[in-house]
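*Asks:* Handing you a structure now.
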Amino acid sequence: MRRQLLTGLLVCTAALTACAPSSERASASISDWSADGNVLHLGINSCNGDPQASVVETETDITVTVTAVFQQGGDSAACMDGLAITVAAPVGERAVIDGFTGRQVDALPATG
């Protein structure tokens, strides 16, 4: 009887674990950006994914590489995260490059 109970508990635990959503940190793409002085505001293609960025600046561009937590089976296109990062100098005419895709990211149109 005790052995059957233990076997039943193990089967239930395995079933629940298999159904539980898992997550992992991975590269995330940048959809758009805007700047306010030395602060870059990024739109990140993740959904509540706690995005984190690393930045490499040169005279001609700013390369931003973002990672975020993605839920397996989740739909990161359903919502986006915002991320503000401070750069050493204003963006000016420099290109903003997505370190994940290697592509230049378009700025949001200026409002006013």
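*Asks:* Pick from the range 36-70 the residues that are assigned to a strand (DSSP E or B) and charged (D, E, K, R): which of them is surrounded by the fewest Cβ atoms within 10 Å (Cβ to Cβ)?
*Replies:* Just the residues of the range 36-70 that are assigned to a strand (DSSP E or B), to begin with: 36, 39-44, 52-57, 61-70.
Subsequent filtering for residues that are charged (D, E, K, R) retains 36, 57, 61.
Details: ASP36: 10, GLU57: 14, ASP61: 15.
So, considering only residues that are assigned to a strand (DSSP E or B) and charged (D, E, K, R), the one surrounded by the fewest Cβ atoms within 10 Å (Cβ to Cβ) is ASP36.
*Asks:* Here's another thing I want to ask about it. Against the definition (modelled with pLDDT of 95 or more, open to solvent by 30 Å² or more (accessible area, probe 1.4 Å) and not in a strand (DSSP E or B)), how does GLY102 come out, yes or no?
*Replies:* Details: modelled with pLDDT of 95 or more: yes; open to solvent by 30 Å² or more (accessible area, probe 1.4 Å): yes; not in a strand (DSSP E or B): yes.
Yes: the conditions hold for GLY102.
*Asks:* What is the one condition in (1) within 13 Å of the chain's Cα centre (by Cα); (2) at pLDDT 90 or above; (3) open to solvent by 40 Å² or more (accessible area, probe 1.4 Å) that ALA77 does not satisfy?
*Replies:* Condition (2) is where ALA77 drops out.
The values are calculated or read from the model by the stated rules, or taken from the named source; none is laboratory data. Predicted model, so just to flag it, every value in this text is computed and none were measured. Methodologically, a virtual Cβ is constructed for each residue, glycine included, from the backbone with ideal geometry; neighbour enumeration extends over all protein chains shown. Surface areas here come from the heavy atoms of the whole protein model, side chains and all, with no ligands, DNA or RNA. Shrake-Rupley method; radii C 1.70, N 1.55, O 1.52, S 1.80 Å.
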